[in-house]
Structures are given as structure tokens and as C-alpha cells.
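Q: Okay, handing you the structure first.
The values are calculated or read from the model by the stated rules, or taken from the named source; none is laboratory data. No experiment lies behind these values; they were computed from the predicted model shown. All Cβ positions, even for glycine, are placed from backbone atoms using ideal geometry, and neighbour counts span all protein chains on display.
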Amino acid sequence: MARRHHYRRRLVQPADLDMTTFMNLMVVLVPFLLITAVFSRITIVELTLPSEAGTAAAVEPAFRVEVIVRERGLEISNARTVIAAIPMVDGEYDLRTLSEMVISLKRQHPDSTDASVLLEPDIEYDHLIQVMDVVRSAVLPGSGEGDEREEPTQIALFTDISIGDAP
């Protein structure tokens, strides 16, 4: 026969959890993660694709700037004739010259807002975005002398941009 122990079983109460260490970790970790988080800005650019010739008869604008991005450089035209050819400088597209040309075209045609950016097949996406930014807007340096210098101003150029393949 098995012996019975005649002792009382102690009532074991569960131990309280010490949350202090965990809370200290969270107090440090949450601000650190918020500070080091990368905040991304998503922008949407509305584009219009070139329409087919056989579809609805669209009214052609009086003036439309076409910037053709080629592997050897940029070309600016008005859909009929080439206005300027801008060669690459040190292996990079000359966006400064493009900006100056687009600003002068905007001064000649202030009511026009239509533009097309046409690409050859092997052009990188980043070059498309850079050219679109130059065609869409420009930053003009401030004028004035001494302490009365004006802040640079951003002006809108050709904001209705279409994209397509280069001819």
C-alpha cells in the first residue's frame, strides 16, 4: 500500500508578471522606429496617351511641343518641323538647355499647355521622368539687388503631357 503523505499542499498563486522591462523596451523602440522609418511621397501625374487617327476627331491644339528623347540627345519639334537638337553633354542629357528652350517656347506661345514626350525604345524610365519635369515646370531665379532679392519662383510651362514612341 502506498504511503500517503500527510502534508498540506500549498496553494500556489501565479506570480505577477513584471512588465517594466518590456515597457522600457517599447518606450525606446517605438520612437526609434518612427524616426528611422522612410516616409515615401507618392505623386500622380496625369498623362494622356496619343489618340489613334481613326478615332474621334479631336481638335488639334494650335501649338504642341514635342520633345523626342533619343539615345544621342534630345530633339524639340512642333509636330511638323524640328525646332532644335540638343546633343548629350558628357554622356548626360542637357536638361538645362532643354529648360531654357522650353521657357522660350512658352514665352512665344503663352496660351499653349500641350506637350508630348516621345521616347526611343531603349530609353530609361528615369530619363522620361526628368524630361517630363523640365517640360512641365521651371524654377526662375529671383531678381533684385542687395537685400531686396526675390525668392526663386516656379512657373508652369506645358502641363498637359502626352507620352508615346519616337518616330
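Q: When you look at Val135, is it out of contact with any Phe, Trp or Tyr (no Cβ under 9 Å at 6 or more places or on another chain) and either modelled with pLDDT of 90 or more or outside any loop (DSSP other than H, G, I, E, B) (or both), yes or no?
A: no
Q: State the number of residues belonging to segment 112-142 that are touching a Pro at 6+ places or on another chain (Cβ under 9 Å) and closer than 18 Å to Arg64 by Cβ.
A: Count: 5.
Q: Regarding segment 78-93, can at least one residue be identified that is of a type in the set (Ser, Thr, Tyr), modelled with pLDDT of 90 or more and not in a helix (DSSP H, G or I)?
A: yes
Q: Something else now. Report the residue count in segment 109-132 for those that are assigned to a helix (DSSP H, G or I) and either touching a residue at least 40 places away in the same chain (Cβ under 8 Å) or of a type in the set (A, V, I, L, M, F, W, C) (or both).
A: Residues that pass the stated criteria total 5.
Q: Right, here's the next one. What tally of residues in segment 98-140 results from selecting those that are surrounded by fewer than 17 Cβ atoms within 10 Å (Cβ to Cβ) and closer than 13 Å to Ile76 by Cα?
A: Residues meeting the conditions: 3.
Q: Can you name the condition, by its number, that Gln154 falls short on among (1) surrounded by fewer than 16 Cβ atoms within 10 Å (Cβ to Cβ); (2) touching a Ser or Thr at 6+ places or on another chain (Cβ under 9 Å); (3) modelled with pLDDT of 90 or more?
A: Gln154 satisfies every listed condition except (3).
Q: Look at Ser51 and say whether it is surrounded by 10 or more Cβ atoms within 10 Å (Cβ to Cβ), assigned to a loop (DSSP other than H, G, I, E, B), on the phi < 0 side of the Ramachandran plot and at pLDDT below 75.
A: Taking the combined requirement at face value, the residue satisfies it.
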